[in-house]
Structures are given as structure tokens and as C-alpha cells.
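Down below is the structure, laid out as C-alpha cells.
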Ligand code: ADP
């Protein structure tokens with residue numbers, strides 16, 4: 001099951017042994033921010049299980065908590081209460097710098113703005129996280145990824161010499177280079193034209209299907225979400241609905257056009 005909804009606060013945290021096939025496990029996650037004197041509750045008790053080798057799209061209106069969910073689930077941000085496990089590690093219990101190291105070694109990111117280093121070639125961008133971790137690149141793995149996304153002839157180019165779609169494909173290979181436990185994609189098609197967007201979405205779906213990768217993608221675009229297996233819809237810091245993603249486009253078409 002993807003979502004354990006309505007779990008009482010007293011529910012014991014599931015042990016990783018009991019959930020051996022989970023890439024990501026959120027248990028009653030709350031995130032509150034102080035804003036001036038007021039407290040903003042960005043996440044109001046999110047419990048979610050993402051099985052290994054699955055593709056989840058997180059949707060919802062602006063301000064519903066999508067980015068906060070992605071930041072808390074990936075360890076970019078801390079939780080106020082509740083727990084986050086990635087592949088059996090309780091990342092919400094990790095203190096700095098271990099949390100940063102865990103993220104670098106075990107989590108992949110694809111951002112809307114690509115986040116490539118402008119002075120490095122595509123190839124050096126791809127291998128940068130590995131070099132920072134002092135790890136040797138798995139050359140055969142990287143070659144396969146580069147061929148899969150179709151950037152073999154662009155590896156010596158810098159980001160400014162690449163189209164947006166090519167830059168995002170470089171970012172996707174970089175995200176996968178470390179064999180991460182999970183890839184988080186934050187509006188990965190937000191800056192792309194329709195063709196570039198379709199290509200990235202198909203590649204994300206392919207790496208889930210062919211390589212058993214787990215992907216969690218935040219998007220406001222129902223067509224993008226339709227490439228995932230499952231869609232979780234957020235409102236006011238809660239997941240209010242989970243349904244098969246193929247239905248996302250259909251529901252939108254019937255209701256919105
Ligand atoms: P979404 O990604 O769905 O647009 P967010 O996760 O960015 O939503 O935000 C959820 C809520 O939390 C919003 O009300 C937002 O203003 C608030 N919020 C997010 N980050 C912060 C922060 N660092 N400080 C204060 N409020 C925040």
C-alpha cells in the first residue's frame with residue numbers, strides 16, 4: 001500500500017525489517033516553520049510508503065506542501081516531528097554532516113533549473129558527486145546511462161552549449177550515477193518545451209521500469225504525473241488522495257476540458 005492514511009499518533013514506527021521493499025517510508029511527518037511570530041504548518045502529518053522500483057508523482061495546488069514534502073523526504077530539510085526512512089536508514093535521526101553525506105551518496109536529485117556547474121563539461125558534471133565522495137565512477141554504468149538518454153556526443157560541452165532538454169538529461173545521468181536508493185525530481189519539466197518534457201518523463205519512466213530505480217516527482221502538470229505509476233494529491237500539508245497515475249490525465253481531460 002502506498003499510503004497509510006489516518007494512522008494514529010501512537011502507531012509504532014514501522015521497522016525497516018518489516019518494510020524490506022520500501023525505498024521511502026514517511027511516518028506522521030510534520031514540518032512547521034516560524035514566520036514572524038506565527039507558525040506555518042507546511043506538513044501536517046504525512047505517512048507514505050514508496051515501494052522500490054516505483055514512480056510516484058506528488059501533485060497539489062501551490063502552497064499545499066509539495067516542496068516541503070520533497071525537501072523533508074530527501075533530507076534537504078529536517079522534520080519537526082515524525083520520521084523519514086530511506087532504504088532502511090532513519091534519515092530524520094541523522095545529524096549533520098552525516099545527513100549531507102547520506103544524501104550525496106544515496107539520493108539523486110533532478111531540479112527544474114538543472115543545477116549544473118556552468119564551468120564544467122557535461123561529463124565532469126556527471127562525475128562530480130562521485131569525485132566529491134572519493135568514489136570511482138562505474139564506467140560501464142555511466143556509459144549505459146549516457147547512451148540511454150542520448151547525450152554521448154555532448155559530453156565535452158559545457159551547460160551553456162546545451163539545450164534545456166540536453167542539460168536536464170545530463171542532470172538525470174548525474175542523479176543516477178551513484179546508483180541512488182531513490183531519485184527526487186522537483187518539477188523536472190518546468191523549464192522545458194513540450195518535446196523536451198516528454199523525453200525526460202519517458203526517460204524517468206524507463207529507468208524505473210528497466211533499472212528498477214525509485215522516483216518521486218513533484219509536479220503541477222497532470223500530463224507529467226500521468227507518466228508515473230501513482231499520484232499522491234496534497235492539500236494543506238496532507239496527502240488527501242492516492243490513485244493510479246494513468247487516471248490523472250483522464251480525470252483532468254473529463255473535468256477540465
Ligand atoms: P508547494 O510546494 O506545494 O507550493 P510549499 O511546500 O512550498 O508548497 O509550502 C507549503 C506552505 O509552507 C506554504 O504555506 C509556504 O508558505 C510555507 N513555507 C514553506 N517553506 C517555508 C519557510 N521556509 N518558512 C516559512 N513558511 C514556509
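Taken together, the values in this text are just the output of simple stated rules run on the coordinates, not laboratory data. Note that this is a predicted model, so its numbers are computed, not measured. FYI the Cβ positions are ideal-geometry reconstructions off the backbone, even for glycines, and counts take in every protein chain you see.
A few points about this structure:
- Restricting attention to the chain, close to 60% of DSSP beta bridges with both partner residues there are antiparallel.
- Candidates 60, 134, 165: whichever shows maximal mean-square fluctuation once the chain is modelled as a Gaussian network with Cα springs under 10 Å: 134
- Using 0.36 nm per residue and subtracting the Cα-Cα separation, the extra length available between residue 206 and residue 62 on full extension is 49.0 nm.
- Residue exposure sequence - 139, 169, 31 - by fewest surrounding Cβ within 10 Å: 139, 31, 169
- Unit Cα scatterers, Debye sum, the chain: log10 I(q)/I(0) for q = 0.09, 0.13 Å⁻¹: -0.39, -0.83
- Dimensions in Å of the range 116-257 - Rg and Dmax from alpha carbons: 16.4, 52
- Hull shadow area, averaged, the range 131-194 [alpha-carbon convex hull, nm²]: 5.2 nm²
- Rounded to whole Å, the principal axis extents of the Cα atoms in the range 128-167 read 30, 20, 14, largest first.
- Sorted peptide list for 113-119, 216-222, 85-91, criterion being average Cβ within 10 angstrom, highest first: 216-222, 85-91, 113-119
- Degrees, to the nearest 10: 139-149 long Cα axis against longest axis of the chain: 80 degrees
- Counting every alpha-carbon pair across the range 191-249, the share separated by more than 12 Å comes to 69%.
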